[in-house]
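**Student:** What follows is a structure written as structure tokens; I'll ask about it next.
The values are calculated or read from the model by the stated rules, or taken from the named source; none is laboratory data. Computed from a prediction, not measured in an experiment: that's the story for all the values here. Cβ: placed from backbone, ideal geometry, glycine included. Neighbour counts: every protein chain shown. Heads up: the accessible areas ignore ligands, DNA and RNA and are worked out on the full protein's heavy atoms, side chains in. Shrake-Rupley method; radii C 1.70, N 1.55, O 1.52, S 1.80 Å.
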Amino acid sequence: SPEASYGNPFPAQNKLTLLIPGATTKFSRRSPAEYEKLANICAKIINAVPGNTIIFFPSYALLAEIHKFLHELSDKKILKERSQLSKEEKTELLQEFSSNHTKGSALLAVISGNFSEGVDLPGDLLKGVVVVGLPLQQPDLETKALIDYYQKKFGKGWDYGYVRPAFTKALQSAGRCIRSEKDRGVIAFVDERYSWPQYYDCFPRDWQPVITNMYEERVTEFFSP
């Protein structure tokens, strides 16, 4: 079966990986009430991290819906990615984000968007990464072909052809932004599905993810001197 390993850029003592099951971006559960739950979780993490945080969303639409609540709940400045940023606009947004690292700010971005790769924010420039939901999209023709192939070959078409590629994107977004082994930071995955066995078992062993609803306390404790 197709398996992949994702190396963790952190020494174990320098990172905290949290799985937060208090809400979800599942299509069947999407509503203003659920968006507010997600925004509350994100805000508590933003406010507890002593510095900058990037929050990745599955889509621009979800980013916009959750931002409606989040901007009033966050103590930190909120910056938002827009689709189709020019190279200059991306550089300017990153520069503003980096310059806020002492007071701390939050950059709202999209998985597979402008900031999910090619971002270098070492040291104190980034203290936390939050991944909200699983980036599952409507299957296109290529995805449907993959589902069909893995179904015929392994009997697990939906899992290998649809769910795991989305999970891989989530891991890559979380791990790509904090690279140096000297960096210290928090990675949080916000969606109840990450705590389900079929997803939890996909995390690399050295990430040592902790399922918790006491995330605010865990983040504060992690960053305490």
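**Student:** Residue 124: net charge of surrounding residues, Cβ under 13 Å, Lys/Arg +1, Asp/Glu -1, itself excluded?
**Tutor:** Result for the neighbourhood of residue 124: +3.
**Student:** Further, regarding this structure: Going by alpha carbons, how many degrees (0 to 90, nearest 10) lie between the helix axis of 32-48 and the longest principal axis of the chain?
**Tutor:** Roughly 50 degrees, rounded to the nearest 10.
**Student:** Follow-up question, since we're still on this one. Would you please give the FRET efficiency between residue 84 and residue 153, computed as 1/(1 + (r/R0)^6) with r the Cβ-Cβ distance and R0 = 25 Å, to the nearest 0.05?
**Tutor:** After rounding to 0.05, the efficiency reads 0.10.
**Student:** What does the helix-only formula give at 222 nm for the chain: each DSSP H stretch with n ≥ 4 adding -39500 (n - 2.57), the total divided by the residues, and the result rounded to the nearest 500 deg cm²/dmol?
**Tutor:** -11500 deg cm²/dmol
**Student:** Moving on. At R0 = 41 Å, how high is the FRET efficiency between residue 195 and residue 91 if r is their beta carbon distance? Nearest 0.05 is fine.
**Tutor:** For residue 195 and residue 91, the calculated efficiency is 0.65.
**Student:** Separate question: Can you list the lysines whose alpha carbon is less than 19 Å from that of residue 80, not counting same-chain residues fewer than 8 positions off?
**Tutor:** Residue 80 reaches 44, 68, 90, 103, 127.
**Student:** Where does each of 140, 201 land when they are ordered by accessible area, with a 1.4 Å probe and the largest first?
**Tutor:** 201, 140
**Student:** Around residue 82, what is the net charge, scoring Lys/Arg as +1 and Asp/Glu as -1 over all other residues with Cβ under 14 Å from its Cβ? Numbers along the way, then the final one.
**Tutor:** Working: positive: 80, 87, 90; negative: 81, 88, 89, 92, 96.
Result for the neighbourhood of residue 82: -2.
**Student:** Between the helical axis of 87-99 and the dominant principal axis of the chain, each derived from Cα atoms, what acute angle in degrees is found, rounded to the nearest 10?
**Tutor:** That works out to roughly 50 degrees.
**Student:** Still on this structure, please answer the following. For residue 146, what charge total do you get from the other residues with a beta carbon under 13 Å from its beta carbon, if Lys and Arg give +1 and Asp and Glu give -1?
**Tutor:** Here the count lands on +1.
**Student:** To the nearest 10 Å², what's residue 217's accessible area with a 1.4 Å probe?
**Tutor:** 90 Å²
**Student:** Here's a follow-up. If you take the alpha carbon radius of gyration of the chain and divide it by 2.2 N^0.38 Å, what ratio comes out, to two decimals?
**Tutor:** 0.99
**Student:** I've got another one for you. Using Cα atoms only, what is the angle between the long axis of helix 141-154 and the major principal axis of the chain, expressed in degrees (0 to 90) to the nearest 10?
**Tutor:** Helix 141-154 and the main axis of the chain meet at about 60 degrees.
**Student:** Sticking with this one: Once R0 is set to 25 Å, what does the formula 1/(1 + (r/R0)^6) return for the Cβ-Cβ distance between residue 112 and residue 73, expressed as a FRET efficiency to the nearest 0.05?
**Tutor:** Efficiency at R0 = 25 Å is approximately 0.45.
**Student:** For the chain, what % of the accessible area comes from carbon and sulfur atoms, probe 1.4 Å? Working shown, then result.
**Tutor:** Working: 5500 of 11110 Å².
Answer for the chain is 49 percent, counting heavy atoms of protein chains only.
**Student:** Solvent-accessible area per residue for the chain at a 1.4 Å probe radius, Å²?
**Tutor:** Heavy-atom SASA per residue in the chain reads 49 Å².
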